[in-house]
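The values are calculated or read from the model by the stated rules, or taken from the named source; none is laboratory data. Worth saying up front: this structure is predicted, and the values here are computed from it rather than measured. Reconstructed Cβ throughout: ideal geometry from the backbone, glycine too, with neighbour counts over all protein chains shown.
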Amino acid sequence: MSDIKRVEFQVAGQRHVLTPTADQSTFYGANTAPNVPIGSAVTYTGKVTVVDEAGNQVSLTGDETEVLRLTVRRTAPAQLQLIYDRTQEDVDRLYALKRKILTEGLNSLTPEEKAEYMGGMRGAYNASDLNRVGQAVAFIAERFINLPAELAAYREEKGVADDELYHVPYNPATVVVYPKQDWSVADVPTQSQIQTYLNNLAVLRRQLALPADAPAVPSSLNHLTYQTANDIEYLLVLIYEEFLVMEEGLYQKIDRAAEAFMYAGEVYCGE
């Protein structure tokens, strides 16, 4: 297995790529199945092509044309482990512990309550939330910026001539963000820092068309509610999902062009 570089398969016209993990023995989905919700699994049946380190097609089980049944589980990258299901109960729990501290003192909390309170409660918005959003912004922005070069390299690998058809529908030069990822519990965000935080979201949101019901970027974090906190992180999920759909579509166009060229060449040679 150590010489295998990637596994490619097509299902219903969609191109999917699996790459080996560090131990070279199992495969994980990389930008696979963009229309499958994160956290769910789907089983595909389709023709599988296995590619080795040299870029040659090799066999996984003795026949690279064998139809295999693959189950792909969509999981969010570590940088996108976002929270967007906070509830009023989370807020109520936070205020219940705060009231207990104010009336009876911090030492009145049980060890479990103290660990809960100090661990970053879902009903609050603190350094861990700011850092999580900052990490997600940095990750998504990097994917937007790097994709054009990745597509160009793939196109050249497939022998497909450059064309606007294979270009991203946004200007990578406009993906300029300044995410802060090192907030501490002692930090008090300034108005300038909050504005940068919100501007980062706005920069990413305008790169691609999103569903009509996608959350807007809030104008401020004053009087922040749990719903707005959810919307901020859910917006990043939607942006990344839309990015995956766009990315998958561009790779499919390159694949179709490469396949059409090969087919035309074979017909020409045969004649």
Test of understanding: among Pro189, Pro215, which residue is in contact with a Phe, Trp or Tyr (Cβ under 7 Å, 6 or more places away or on another chain) and in a loop (DSSP other than H, G, I, E, B)?
Pro215
Please pick out the residue among Pro189, Pro211 that is at pLDDT below 95, surrounded by fewer than 15 Cβ atoms within 10 Å (Cβ to Cβ) and not β-branched (Val, Ile, Thr).
Pro211
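Within region 227-238, which residues are under 10 Å from Leu80 (Cβ atoms) and either of a type in the set (Val, Ile, Thr) or not in a helix (DSSP H, G or I) (or both)? So that I can check it myself, show each step before the final result.
So the first thing to find is which residues in region 227-238 are under 10 Å from Leu80 (Cβ atoms), and the list is 233, 236-237.
Listed by number, the list holds a single entry, Val237.
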Cβ-Cβ below 9 Å, separation at least six or inter-chain, first residue in region 97-114 and touching a residue at least 40 places away in the same chain (Cβ under 8 Å), second among the acidic types (Asp, Glu) and in a loop (DSSP other than H, G, I, E, B): which pairs?
none
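Per-residue answers, yes or no, for (1) crowded, with 16+ Cβ neighbours inside 10 Å; (2) in contact with a His (Cβ under 8 Å, 6 or more places away or on another chain); (3) at pLDDT below 95; (4) within 24 Å of Gly123 (Cα to Cα):
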position: Ala153; (1), (2), (3), (4): no, no, yes, no
position: His167; (1), (2), (3), (4): no, no, no, no
position: Asn171; (1), (2), (3), (4): no, no, no, no
position: Arg206; (1), (2), (3), (4): no, no, no, no
position: Ser219; (1), (2), (3), (4): no, no, yes, yes
position: Asn230; (1), (2), (3), (4): yes, no, yes, yes
